[in-house]
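Asker: Right, I'll just put the structure down here and ask away after.
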Amino acid sequence: MLKAHPAVLRELVGRYLAMEILSREAHAPHRLARRLEDTAYTLCVLTGTRRIEDALREAALRVRGEAAPRELPAPARHPAPHRRRRTTALAA
């Protein structure tokens with residue numbers, strides 16, 4: 001899972017909240033709504049969530065340092081396949 005730097009999360013949350021306020025205006029341009037959706041999606045991806053409410057909560061926790069990012073377990077390490085050594089016959 002990606003681990004976003006707290007400064008990146010802080011900037012994205014600020015951008016999202018500002019665009020959310022602007023999008024409530026009656027004459028908000030369509031492209032603003034699209035940027036708001038893109039920012040919400042990015043926040044969800046970076047926090048490992050599916051809803052913007054959860055992403056905002058998780059981002060706030062990470063920025064404050066109250067929660068470490070959730071980590072996936074390390075993949076199991078499988079030994080490399082055994083290779084046969086080439087032997088050469090010694091001349092007598």
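What follows draws every value from the coordinates through simple rules; no lab data is involved. Since the structure is predicted, the reported quantities are computational estimates derived from the model, not experimental observations. Cβ: placed from backbone, ideal geometry, glycine included. Neighbour counts: every protein chain shown.
Asker: Distance in nm between label sites at Arg51 and Arg15, each 7 Å beyond Cα in the beta-carbon direction?
Answerer: 2.4 nm
Asker: Per the Cauchy relation, a quarter of the hull surface: what is the mean projected area of the convex hull of the alpha carbons in the stretch 6-64, in nm²?
Answerer: The orientation-averaged projected area of the Cα hull of the stretch 6-64 comes to 3.7 nm².
Asker: Just rank His27, His5, fewest to most, by other beta-carbon atoms within 10 angstrom.
Answerer: The most exposed by this proxy come first: His27, His5.
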